[in-house]
Amino acid sequence: MKNELQGQQATREVSQYIIDYPAFHALREKMERMLRSPDPRGLLIVGDTRVGKTTLAKSVLDVHPKTIIDGTPSVPALYIEIPTIPTEKSIARALMLQLDVTTSRALSEQELISRFARIAEYCRIKLVIIDEFHHFTESSQYPKLLRYANSVKSLMNRAGVSVVLMGLPSSRAILDKNQQLRGRFSSVQHIGAFAMEDTAQFNDFLDVLRALADKLPFENAQELAGELYSPRMWYATHGALGYVKKLLIEAVETSDAANRKLSMALMEKAFTAAIWHDGVGKLNPFNRNFSHNLLDEVGQPFCPDMAF
């Protein structure tokens, strides 16, 4: 029972752990400056799947939680996610729902934003983080993209809040539809996976592995950042932090609770279960016959058009 509880605690800690590597830290500091700025600012953060965008947002929210000051609510930062099939009212409605405010469906988008502007002043909201923003650009034609762009512009103008947009690289398309919005979001930052060929980035990747190894229940967990496992961890995750956590959680959950030890066999099994069900034999980074080729071909997990 004790070993099982240790395993459960380890998976929670790995899942929730925020690793403040240099690029992540720089973006978080930029968002902190936006919170402190008296003038509304815009920032677009783009990156592929599982590189840490949502983790970045939540790290800011953790530092600035909702509180009560002098008897009134204080909500320094507000976070919403855009649904897969958005509407023109998606932003305004999501903001109101996040604040537990019920609104009539008959209200227009501009009426919703006006109401939010009053609430934002009352609740001292300084920063709005809009995640999964690429859903606005998927299968949307020019007229809709223009209206979505105007929604963001209205939010900044009328509510007086800074806005961080987060999404896949396709999110950039919406800035092309509105010159004024493009001026507000002149700062476009990329958050990406760690590159193996870049010495500094790969060293950061090793630091991440060492930090996560401290959370693992394996007696030889620090070997994760060693010569045997670290390059295989990179191939198995393409250097994306979200995949690293997913793989390690699977390894903990499938390991023997009575004798937890990091092994190639364990990681091979975890990769197939958590990352790619067809990743067997020489296509599995933890197999002794692995070819050390990138798993980015069509049908493989890190193919640009098929990543999951």
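FYI, it's all coordinate maths here, none of it is from the lab. Quantities reported herein were computed from a predicted structural model and do not represent experimental measurements. Glycine gets a Cβ as well: all are built from the backbone with ideal geometry, and neighbour counts include every protein chain shown.
Amide H neighbours of Val101 under 5 Å, at least 5 residues apart or on other chains, H built in the peptide plane: list them.
Amide H neighbours of Val101, under 5 Å, 5+ apart: none.
Can you divide the C-alpha Rg of segment 179-308 by 2.2 N^0.38 Å and report the result to two decimal places?
That ratio works out to 1.18.
Sequence gap of 8 or more, or different chains, plus Cα separation below 16 Å: how many lysine pairs satisfy both in segment 33-161?
The result is 7.
State the extension gain, in nm to one decimal, for the chain segment bounded by Ser263 and Ser108, taking 0.36 nm per residue of separation less the distance between their alpha-carbons.
Between Ser263 and Ser108, full extension yields 50.0 nm more.
In the chain, with Lys and Arg counted as +1 and Asp and Glu as -1 at Cβ, which of these residues, Leu97, His64, Ile80, has the Cα nearest the positive end of the dipole, that is, farthest along it?
Leu97
May I ask you to derive the relative contact order of segment 160-308, considering only C-alpha pairs under 8 Å and at least 6 residues apart, and to give it as an integer percent? Write down the numbers at each step before the final one.
Values: 142 pairs, mean separation 22.5, N = 149.
Relative contact order comes out at 15 percent.
Projected onto the charge dipole of the chain (+1 at Lys/Arg Cβ, -1 at Asp/Glu Cβ, origin at the Cα centre), which of Thr55, Leu127, Thr11 gives the Cα projection farthest towards the positive end?
Result: Leu127, furthest along the dipole toward the positive end.
Any chance you could give the angle, 0 to 90 degrees and rounded to 10, that helix 22-36 forms with the longest Cα principal axis of the chain?
The angle comes out near 20 degrees.
Describe numerically, in nm with one decimal, the distance between label points set 7 Å from Cα along Cα→Cβ at Asp39 and at Ala211.
Placing both labels 7 Å along Cα→Cβ, they lie 3.3 nm apart.
Whole angstrom only: what separates the Cα centroid of segment 220-239 from the Cα centroid of segment 47-89?
32 Å
Given a Förster radius of 41 Å and the C-beta distance between Glu88 and Leu294 as r, what FRET efficiency does 1/(1 + (r/R0)^6) yield to the nearest 0.05? Write down the numbers at each step before the final one.
Numbers: r = 40 Å, r/R0 = 0.98.
That gives a FRET efficiency of 0.55.
Could you sort the peptides 223-234, 145-156 by per-residue average Cβ neighbour count (10 Å cutoff), highest mean leading?
145-156, 223-234
Taking every pair of Cα atoms in the chain, average 1/r, invert it to obtain the Kirkwood radius, and report Rg/Rh to two decimals.
Rounded to two decimals, Rg/Rh equals 1.02.
If the only charges are +1 at each Lys and Arg Cβ and -1 at each Asp and Glu Cβ, what is the size of the charge dipole of segment 138-223 around the Cα centre, to the nearest 20 debye?
So the magnitude is around 1100 debye.
What size of dipole, in debye to the nearest 20, comes out for the chain about its Cα centre when the only charges are +1 on Lys and Arg C-beta atoms and -1 on Asp and Glu C-beta atoms? Walk me through the intermediate numbers first.
Working: 36 positive and 35 negative charges, 234 e Å.
Dipole magnitude for the chain comes out near 1120 debye.
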